[in-house]
Amino acid sequence: MKLEVRNLSKAYGDHAVLRQFSHVFPDGRITAVEGRSGCGKTTLLRLIAGLETPDGGSVLGVPADGIAMMFQEDRLPPQLTAAGCLRMVLRKAPDREAQIDDALRALGLGDALDQPVREFSGGMRRRVALARALLFPSPLVLLDEPFKGLDAATRAAAIDFARPRLAGRTVLLVTHDPEDAAAFDAERLNLEG
Amino acid sequence: MNKIPPKLKPVLAAAFWLAVWQAASMAVGQPILLASPAASLARLFSLMGTADFWRSLLFTLGHILAGYALASLAGIALAMLAGRFELVSALLSPLLAAMRSVPVASFVIAALIWVPSKRLSVLIAFVIVLPVIYAGTLDGIRQIDPRLREMARVYRVSRLDRLRAVDLPAALPSVASALSVSIGLAWKSGVAAEVIGIPGGSVGEKLYKAKVYLATPDLFAWTLAIVLISAGCARLLRLGLKRVERIGDRL
């Protein structure tokens, strides 16, 4: 079922963030959601994830078994190791540990496998949060500025890691960087227009 | 002082205060007013050789720990309800604030009307500990990061894993602090209740008799026994809580 939002409205006090917004997101494709700060990009993701109640309208086609979501903040339990953060959301599968290990090594976190994430730098935590969203087996992936704060080399490695793992999934990629849309050959949706 | 091994410091500090106690009792020169540590320890050892000593200690230990355990369970359960429903929090807040400020003696005298003196220390430990555990748990619940809870919700994390990885690590420091503080309070209030209610076969009864017969070494020996067993309970509790703390680190 395609992800679709119909006449979606949301206001915070007197400030209307989304007004009667409708869109059908192409199935199995990446959509780069763009627009200036405060135009409703994060609100749109939160409404789709069911974390906010819309003032009006509806969201259709959200999978029942959970959504892979990367928030603007890292949202990692600080006492857990990077692997622990991933185990928390990945149901037990025979290859779970191998998947986790491969992902963390590919993202340059191989030297910090046993360290709690509270000891990580901002960029390291960002990569753990990205790995969590990419490994979580949901057909719907919501990414809110996933490469924010990463240096050029780390960003390139993260994009290389993400590309095959996003193939065939419906992805909403919130970004301020037009290069992100290009890197993923994404459809573009500007919330201001 | 910095050259002394850390493990030796509390032993030396205890030895210093024992020396001060010994010197004070020698200066007073009247064992009936201030028994020496040596006399108190000698009396404690002689009491330890009697079955009655252990029976009394077990009686009081059982009652106080029962009151403490019931209050801990009730305090945690009520705080969880109050954390979820604002109405419960608003309803309980004045009641528990009042419980915190009512003197132990008032509770004891009122309780003597309602329950047999044998069960007095259970009830008193319960009413003294309950508000402390409730407040500590509620404070702990309020430390849980709502953003981590949202993350757990989006990823459909199981309740057990959410408890282990998100709720416990945030709430536990405050709950553990309340549990540690209140174990001492349970002993103080429970024994005080026994001294007033004088249930037969309790430590409180022995303290009361020591007062009546001016048996100061007995008073000090029983007090030492209470201090030691209360400290032992607190130590065991801390060990248990450390194990619980580690649950949240492994996933």
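Key figures for this structure:
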read-out	value
Of residues in the stretch B:121-146 being more than 14 Å from every other protein chain (Cβ to nearest Cβ) and among the charged types (D, E, K, R), the one surrounded by the most Cβ atoms within 10 Å (Cβ to Cβ)	B:139
Options B:95, B:87, B:47, B:81; residue that is surrounded by fewer than 22 Cβ atoms within 10 Å (Cβ to Cβ), in a helix (DSSP H, G or I) and touching a Phe, Trp or Tyr at 6+ places or on another chain (Cβ under 6 Å)	B:47
Criterion violated by residue A:82 - all others in (1) hydrophobic (A, V, I, L, M, F, W, C); (2) within 14 Å of chain B (Cβ to nearest Cβ); (3) over 18 Å from the mean Cα position of the chain (by Cα) satisfied	(3)
Sole residue being within 18 Å of residue B:61 (Cβ to Cβ) and of a type outside the set (Gly, Ala, Ser), chosen from B:203, B:175	B:203
Residue in the stretch B:147-157 that is surrounded by fewer than 19 Cβ atoms within 10 Å (Cβ to Cβ) and closer than 25 Å to residue B:242 by Cα present	yes
Single match in A:130, A:143, A:90, A:191 (criterion: surrounded by fewer than 22 Cβ atoms within 10 Å (Cβ to Cβ) and within 14 Å of another protein chain (Cβ to nearest Cβ))	A:90
Out of B:186, B:170, B:192, sole residue that is closer than 30 Å to residue A:118 by Cα and surrounded by 17 or more Cβ atoms within 10 Å (Cβ to Cβ)	B:170
Matching option when the condition is surrounded by fewer than 22 Cβ atoms within 10 Å (Cβ to Cβ), under 30 Å from residue B:43 (Cα atoms) and modelled with pLDDT under 95, among B:202, B:117	B:117
Residue ID - surrounded by the most Cβ atoms within 10 Å (Cβ to Cβ), chosen from residues in the stretch A:54-77 that are farther than 15 Å from residue A:146 by Cβ and at the interface with chain B (Cβ under 8 Å from one of its Cβ atoms)	A:77
Enumeration of residues in the stretch B:50-78 that are touching a Leu at 6+ places or on another chain (Cβ under 9 Å) and surrounded by fewer than 18 Cβ atoms within 10 Å (Cβ to Cβ)	B:70, B:74
Matching helices (runs of 4 or more DSSP H) fully within the stretch B:147-244 where at least 3 residues are in contact with a helix residue (DSSP H, G or I) (Cβ under 6 Å, 6 or more places away or on another chain) and either more than 23 Å from residue B:100 (Cα to Cα) or within 14 Å of chain A (Cβ to nearest Cβ) (or both)	B:203-212
Options B:4, B:64: the member that is among the aliphatic types (A, V, I, L, M) and either in contact with a strand residue (DSSP E or B) (Cβ under 8 Å, 6 or more places away or on another chain) or outside any helix (DSSP H, G or I) (or both)	B:4
Residues located in the stretch A:8-53, provided they are in a strand (DSSP E or B), of a type in the set (Lys, Arg) and crowded, with 16+ Cβ neighbours inside 10 Å	A:10
Matching residues, the stretch A:98-121, being within 14 Å of another protein chain (Cβ to nearest Cβ) and without any contact (Cβ under 8 Å) to a residue 12 or more places away in the chain	A:119
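The values are calculated or read from the model by the stated rules, or taken from the named source; none is laboratory data. Keep in mind the model is a prediction, meaning the values are calculated, not measured. Note that each Cβ is placed from the backbone with ideal geometry, even for glycine, and that neighbours are counted across all protein chains shown.
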